[in-house]
Every structure is written in C-alpha cells, then in structure tokens.
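Asker: First, the structure itself, so that you have it in front of you.
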Amino acid sequence: QVQLVESGGGLVQAGDSLRLSCTASGLTFYTYTMVWFRQTSGKAREFVAGISRGGNTEYADSVKGRFTISRDNVKRTMYLQMSNLKPEDAAVYYCAADLAHKIRNQGGDMDYWGKGTLVTISS
C-alpha cells in the first residue's frame, strides 16, 4: 500500500522559514517525480514545486526564489524549504507522486497523494 506522509507544517510568522517533508512508502521512490501542491479553502489545488527523478526542479512563479524543493532517495523523502513566508502562502500543503518522467503541474495527473499538512502564517 502506497503512503505519502507530510510533516513539518505549523504556525509561523510572516517572514519566517519552514521546512516540509514528505516520506513515501510502498512505492519505488526514486522512479517517481515528486510534486508539492497547496490548497486554501474555496480554491483549487495549485502547483507549488516539482522535482523529477533526475533532480530537475520547477516552481510556481509565486514561490520562485523563496522555496526550494529537494529529495533524498535513500530516505525516500522529499522536502520543501520555504523562506520569507507570506500570508498568501498559508494553505494545506500536499505532496504527490507522479510516475511520469517530466514534471507535470496538474493535480489530475498525479498517481498518489498525501493527506496534507497545514501551514498557517500570522502577519
């Protein structure tokens, strides 16, 4: 059974940093492109960042220069280092696994999802 478990969310102040983790089990982690999405109440889930199995990365324009995605295939874990957080970054952050070789940014293309971790930002 595939499981993706996010952790690291919490309450921080605007301008702070936070690191999210996503640990996978039940799948061959290194063969998957891994992606972070986020969702706020009443809005569609949006692409945040993705990292291919080869280590290529892509970011949403709204987080470029502030967020860094990485992965550790030995630990079967993906990370999202978030810096200079803004109130608009507050959301539930989800990790997803996609067997495609390239980074795709549509939620409907993902093969597996985690349950999410909540990031709350006070201004």
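Asker: For the range 32-89, what are the residues that are surrounded by 14 or more Cβ atoms within 10 Å (Cβ to Cβ) and among the aliphatic types (A, V, I, L, M)?
Answerer: Met34, Val35, Val48, Ala49, Ile51, Ala60, Val63, Ile69, Met78, Leu80, Met82, Leu85
Asker: For the subset of the range 16-31 comprising residues that are under 16 Å from Leu85 (Cβ atoms) and part of a strand (DSSP E or B), which member is least open to solvent (accessible area, probe 1.4 Å)?
Answerer: It comes out as Leu20.
Asker: Still on this model: When the residues of the range 1-15 are narrowed to those that are surrounded by 14 or more Cβ atoms within 10 Å (Cβ to Cβ) and either charged (D, E, K, R) or not in a strand (DSSP E or B) (or both), which ends up farthest from the chain's Cα centre (by Cα)?
Answerer: Ala14
Asker: What are the pairs, 6+ residues apart or on separate chains, where a residue within the range 1-20 that is under 25 Å from Asn73 (Cα atoms) has its Cβ under 8 Å from a residue that is among the charged types (D, E, K, R) and outside any loop (DSSP other than H, G, I, E, B)?
Answerer: Pairs that qualify, where the first residue is under 25 Å from Asn73 (Cα atoms) and the partner is among the charged types (D, E, K, R) and outside any loop (DSSP other than H, G, I, E, B), are Gly8/Arg19; Leu20/Glu6.
Asker: Which ones in the range 68-98 are within 16 Å of Thr28 (Cα to Cα), out of contact with any helix residue (DSSP H, G or I) (no Cβ under 7 Å at 6 or more places or on another chain) and in a loop (DSSP other than H, G, I, E, B)?
Answerer: Val74, Lys75, listed by residue number.
The values are calculated or read from the model by the stated rules, or taken from the named source; none is laboratory data. Quick caveat: nothing in here was measured; it's all calculated off a predicted structure. All Cβ positions, glycine included, derive from the backbone under ideal geometry; neighbour counts span all protein chains shown. These area figures cover heavy atoms from the full protein model, side chains too; ligands, DNA and RNA do not enter into them. Shrake-Rupley method; radii C 1.70, N 1.55, O 1.52, S 1.80 Å.
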